[in-house]
Amino acid sequence: MKIDLGCGTQKNPGFIGIDKKDGPGVDIVCDILQGIPLPEDSADCLFAVHSLPYIDPLLDTMKEIYRICKHKAIVCIVAPYAHTYFHAANPHYKSWFNEYSPFYFTGRLLRETYLRELITPYAFPSHDMDREPTDYDFQLLRMEFFYSMPFKTNMYDEEERTIVRHIQPNVVDEIMYHFLVVKQPLTVDEIEDMAMRSLEEPMQITNRRRERPESVQEFDAGQLLEKTPSLNDTPPPVIHKRSSSKTKSSLRHKKTGMTKGRRMIKKQKAKNGTK
């Protein structure tokens, strides 16, 4: 069984659509916060495309998603990236998503990696980080960033994108995660093997790739376990990358947006002692 949670009017083909409001393509009408009317271990795959930001408390919903999913089910979440002014201004969003969100969804393995590689280098507050793992476990298989102009063109390389993404808003406009539902013991090798497989993605993302060719940055479980990206590291290679011609518009961005971004990059590299 495949579930499209919060499908609205754009249910993915072959999925059972669940939404709070009835409409075309909605198969089950329910308030997700009141529970999903499906038995445990029902779903092999679950999509949540731009639906979870409207939910509070989010962790209760993640627990419910975990309940209805089978062991080794794939959960794909697509959400607006938190550090974009347009999204931050939306009063309807109650939950926010960025590269640190998976830290709160996982119970083991990657949790320590996130603490060591993501939290500590940026001197983020460490309070609440030692809390006992939750009673659900979503292992991150893949995380993908979709960049805004001018950062989605070839004017920036992947190292520059990674640095700018951490020090400047409005760089990324959308983020996609693929999680593996873990209900029985799995080894790191098994998780890495799942991450290397072809993973189904929502039609909304496929359409975006087709209609808005751009460079994206993607990390899989093996890369995250081996070395999570930080300002001092060179990021993993691009998985999806399509070049675009340098139009007058892109050249105009190069003269304006790049100037500020590259100044920030040079300062950060100088601080880190890199060239």
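The values are calculated or read from the model by the stated rules, or taken from the named source; none is laboratory data. Note that the structure is predicted; figures quoted are calculated from it, not measured. Positions of Cβ are generated from backbone atoms using ideal geometry, with glycine treated the same way; all protein chains shown enter the neighbour counts. In case anyone asks, the SASA skips ligands and DNA or RNA and just uses the protein heavy atoms, side chains included. Shrake-Rupley method; radii C 1.70, N 1.55, O 1.52, S 1.80 Å.
Miscellaneous remarks
- Checked against (1) open to solvent by 20 Å² or more (accessible area, probe 1.4 Å); (2) in contact (Cβ under 8 Å) with a residue 24 or more places away in the chain; (3) part of a loop (DSSP other than H, G, I, E, B), residue 74 passes all but condition (3).
- The condition of being assigned to a loop (DSSP other than H, G, I, E, B), aliphatic (A, V, I, L, M) and open to solvent by less than 50 Å² (accessible area, probe 1.4 Å) holds for residue 199.
- Just so you know, in the stretch 78-94 the residues that are assigned to a strand (DSSP E or B) and touching a helix residue (DSSP H, G or I) at 6+ places or on another chain (Cβ under 6 Å) include one that is surrounded by the most Cβ atoms within 10 Å (Cβ to Cβ), and it is 79.
Here is a yes/no grid of residues against (1) under 21 Å from residue 106 (Cβ atoms); (2) surrounded by fewer than 19 Cβ atoms within 10 Å (Cβ to Cβ); (3) aromatic (Phe, Trp, Tyr):
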| residue | (1), (2), (3) |
| --- | --- |
| 13 | no, yes, no |
| 17 | no, no, no |
| 22 | no, yes, no |
| 26 | no, no, no |
| 29 | no, yes, no |
| 33 | no, yes, no |
| 37 | no, yes, no |
| 47 | yes, no, yes |
| 54 | no, yes, yes |
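- As a summary of the residue check, residue 160 satisfies the conditions (1) assigned to a strand (DSSP E or B); (2) over 19 Å from residue 79 (Cα atoms); (3) of a type in the set (D, E, K, R) except for the one numbered (1).
- Answer residue from the stretch 132-142, given it is touching a residue at least 24 places away in the same chain (Cβ under 8 Å) and surrounded by fewer than 23 Cβ atoms within 10 Å (Cβ to Cβ) and is nearest to residue 73 (Cα to Cα) among those: 137
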